[in-house]
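Contents: one structure, followed by commentary.
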Amino acid sequence: MKKRSGLLFFIIPVSAALIFLYAASYKSTSAVYAPPPPGIRLSSDFFNPIQEQLVIFLPKVDMQQAISWIVEILEPHPSYMVFQRWVGRGDPPEHVFWDGRNFWGEWVHSASEYPLVFYVCDTNGNIRTIESSILVDAFIISEGGKELVLGNNI
């Protein structure tokens, strides 16, 4: 019994010393800090087009010289067709406004999530893409005494 306890008193300190030496000799490389990519901000967490216009705040994009930009809101369904689009030349604006309608004047679907994509192209042909999404609140419109639930997602 005395032999085993003596062996343990030898193994434990030696193991601890080896671990300490390994940790001390390990050369850690300092991580290079990269700020998170700028994100798109929205004026509302849950957009209700009956009560407000949505302001889509576009981030400043670190590029040489922007020559064009596109903001697209896509359908929430797997086809992901373009629901609404803004296009421009030069530097992107600070924000765009959206009333909740598409190209043909149709309303968004109630209680849905619409993908949002912002593209910027510079003079060298580089394209920066920033993605987000718009959460549409549940809402009801009253027309001619009838209440209409917009969209088929409720």
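Quick note: the coordinates plus some simple rules give every number you see, no bench work behind them. Predicted model, so just to flag it, every value in this text is computed and none were measured. For neighbour counting, all protein chains shown are included, and Cβ atoms are generated from backbone atoms with ideal geometry for every residue, glycine included.
Once you list every other residue whose beta carbon is under 12 Å from the beta carbon of Q51, what net charge do they have if Lys and Arg are +1 and Asp and Glu are -1? Working shown, then result.
Details: positive: none; negative: E52, D99, D137.
Net charge around Q51: -3.
Once the Cβ-Cβ distance between H77 and N124 is put in as r, and R0 is 35 Å, what FRET efficiency do you end up with, to the nearest 0.05? Step by step, r from the Cβ atoms, then E = 0.50.
Could you put W86, W98 in order, starting from the residue whose Cβ has the fewest other Cβ atoms within 10 Å? Walk me through the numbers before you get to the answer.
Values: W86 17, W98 22.
With the sparsest Cβ surroundings first, the list reads W86, W98.
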